[in-house]
Structures are given as C-alpha cells and as structure tokens.
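For reference, the structure is listed below as structure tokens.
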Amino acid sequence: MKHFIKETDFAANELPGLFATARRLKQSRGQPAAPVLGGQTWAMIFAKSSTRTRVSFEVGIHELGGNPLFLNKNDIQFGRGETIQDTAKVLSRFVHGLIVRTYDHEDVVELTKHATVPVINALTDFLHPCQIYTDAFTAAERWAAPGGDLVAALKGRKIAYLGDTAFNMANSWILGASLFGMKLSLAGPAGYAPSKEIQAQLKAEGRALDYHFTNDPYEAVKDADIIYTDVWTSMGQEEEEAQRVADMKPYAVTAKLFAAAKRDALFMHCLPAHAGEEVEQAVLDNPRSIIFDQAENRLHMQKAILAALTVKTRT
C-alpha cells in the first residue's frame, strides 16, 4: 500500500507512467471509463476550506466510479475528541482511502502510521504535493512533443518562485524540482527564506540543497521558464497580514518583472489570486498565464494519483 504525503512518495521512474495516465484521463474525459474506484468510498477530511481541491477530488472520485464522502473537521472527532491514531483505525474499517487537507503536516504523517488504506495529502502548512504534480503536468503539456514523455520535458527547465519561500508551496517546489530535474530559484525577504524543516527533509532523503535563494526578484527570474507566486497570507496567518504585505511588496509579480524572464516564460499561480498584491492583474490576464489550465488539471492529475493508489481488496 502506498500513501501520497510528499512529492517524493512516487519514485522518479514512476512519474512518466503517472503523468501519461493523467494525460489519457484528460483526453478521454466524457467517454465511458473503467470504474477504477468502483464500489469504493473515499473520505475527504477538510480542516481548511477549498474550492479547487474539494471540487476536483469529489468530481474525480465520482468519475472513477467511486463515492466521495466529505467530512468537515467539525463533523468528526479528528484530533479533538478522539486521537488521530484511533480515527485512522476506525475510518480504515469504513472507507477505501483518506484525503486530508489540514494545517499540521504531522497529523497527516500520523494518519499514515495507523491507517490501513491509502492517505493523500491534499495540503498541509508544510507541503502541497497534489498541486505541484499538477503544475509540473501543466507546464509539461506546453513543452512536450505530442505523445512525448511529459516528465522528460521538465528536465533542465527553470522555475522562479517569488514571495513566501518558507511555506508549503515553496517547500513543495523545492522537493518537486529536485524530483523532476528542474532548476529552482526562490526570491523573498530574508525572514521568509527556505525553512530548516525543508532542508532537513532534503537531507533525510539524501537530496542536495539544490536551489538558489536571493533577495533580488530580478536575479531570480533571469532566464526562468516559469514565474510562480502564491498569496502572501494563507489560512491561519491572518494576524500577520499587514506585516506580510509590507515585507513582500517588492516581490510582487508585475508586468515589468514578468518581462525580465524568458520571452516565452509561463506565469503560474495555484489560486485564489489577490490581484494587486502578489501579482498584477495584467500578468494574470497575459496570454502566457496558464492559471486556469492549472486549476483544470487538478482534476486529471488527482484522478491519476487516485488510480495509482487504489487498493482493490475490499468489496
């Protein structure tokens, strides 16, 4: 049984097949499909609200023949009236998989230690692996030859990430770029540099600290194939918003900054975007902005992940 908690839970040699499955599922959507999750129920435990994550997983499970069971944090005793260990054991008796979107990454790790069904990380404050796989797939669609190896199309490409480089999306790109063979440059204020936790994760996996951090956004975007940013204040950080906006204003993706990257560079954002803060509206509207392709592809990539993790042992 396999879980998907971090980007490197799939080995590099598994990625071409996984990405090819996502492409096939995308191209064949609307046609009769094999009920990969036929007769299965997957529980979706959400401590953080969402648009794209919830809808894409619910629709994806349904399209694969399964039943999505949405559980708000207030619907169950997750980490409150019941231990995570007991929750994992109980839910494993009922459902065929767990999809968890929460704050503390260690809660998801704890679930994997006791669940007897696959667990998918749908976002924590430390990592967002479903988003990174989707983003890599979305960029590769633009670069790969028709029918070609999508993962191979990523190798050597440079991504520049701007803003809070100590939070989940930056952490995930640090792991993901290492896995995909991409170059990564991060730009942000000194107080938001890549964390000790992600550095420890790289070392634990025997991966080099192979990224560049700078306080100069123009240095980061030079020769970049992708310019990426995210909101400056995530759920749970609302009290810090004023300070964060002030600290990160120099790292906003303006049309001028976007133009300093490669002429054919792509703009990416995992959404929702706050136009006028981390990115100008003109960049969001640029023809090379592929933010809505990213949003759509959450469905197809997550269906591929679900299919890869499915355990067909219970009726």
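The values are calculated or read from the model by the stated rules, or taken from the named source; none is laboratory data. Since we're looking at a predicted model, the values are computed, not measured. For neighbour counting, all protein chains shown are included, and Cβ atoms are generated from backbone atoms with ideal geometry for every residue, glycine included.
Of all the criteria given as (1) part of a helix (DSSP H, G or I); (2) modelled with pLDDT under 95; (3) hydrophobic (A, V, I, L, M, F, W, C), the one not satisfied by V55 is (2). Scanning region 235-262 for residues that are surrounded by 19 or more Cβ atoms within 10 Å (Cβ to Cβ) and not hydrophobic (A, V, I, L, M, F, W, C) yields R244, Y251.
Listed here are the residues, each with its yes/no results for (1) more than 13 Å from P16 (Cα to Cα); (2) touching a residue at least 12 places away in the same chain (Cβ under 8 Å); (3) in contact with a strand residue (DSSP E or B) (Cβ under 8 Å, 6 or more places away or on another chain).
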{"site": "I120", "(1), (2), (3)": "yes, yes, yes"}
{"site": "D125", "(1), (2), (3)": "yes, yes, no"}
{"site": "P146", "(1), (2), (3)": "yes, no, no"}
{"site": "K158", "(1), (2), (3)": "yes, yes, yes"}
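Where helices (runs of 4 or more DSSP H) fall entirely within region 60-150, those with at least 1 residues that are among the small types (G, A, S) and touching a helix residue (DSSP H, G or I) at 6+ places or on another chain (Cβ under 9 Å) are at 84-94, 129-143.
Condition check ((1) closer than 30 Å to A12 by Cβ; (2) free of Cβ contacts under 8 Å to residues at least 24 places away in the same chain) across all residues:
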position	(1), (2)
I226	yes, no
Q243	no, yes
A255	no, no
D264	yes, no
P272	no, no
F292	yes, yes
A295	yes, no
H300	yes, no
A308	yes, no
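Conditions (1) among the hydroxyl-bearing types (S, T, Y); (2) crowded, with 24+ Cβ neighbours inside 10 Å, marked per residue:
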| residue | (1), (2) |
| --- | --- |
| Y103 | yes, no |
| V109 | no, no |
| P129 | no, yes |
| G176 | no, yes |
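Restricting attention to region 212-230, the residues that are buried (at least 22 other Cβ atoms within 10 Å of the Cβ) and either not in a helix (DSSP H, G or I) or not assigned by TED's automatic domain parsing to the domain that holds K158 (or both) add up to 6. Condition first: over 17 Å from the mean Cα position of the chain (by Cα), at pLDDT 95 or above and either β-branched (V, I, T) or not assigned by TED's automatic domain parsing to the domain that holds F70 (or both). Now tell me which residues in region 83-114 satisfy that. V90, V95, T112, listed by residue number. When A166, A208 are checked against the criterion of being among the aliphatic types (A, V, I, L, M), outside any helix (DSSP H, G or I) and surrounded by fewer than 17 Cβ atoms within 10 Å (Cβ to Cβ), A208 stands alone in meeting it.
Is it the case that region 59-82 has a residue that's modelled with pLDDT under 95, of a type outside the set (A, V, I, L, M, F, W, C), at positive phi and not assigned by TED's automatic domain parsing to the domain that holds F180? Within region 59-82, one or more residues are modelled with pLDDT under 95, of a type outside the set (A, V, I, L, M, F, W, C), at positive phi and not assigned by TED's automatic domain parsing to the domain that holds F180.
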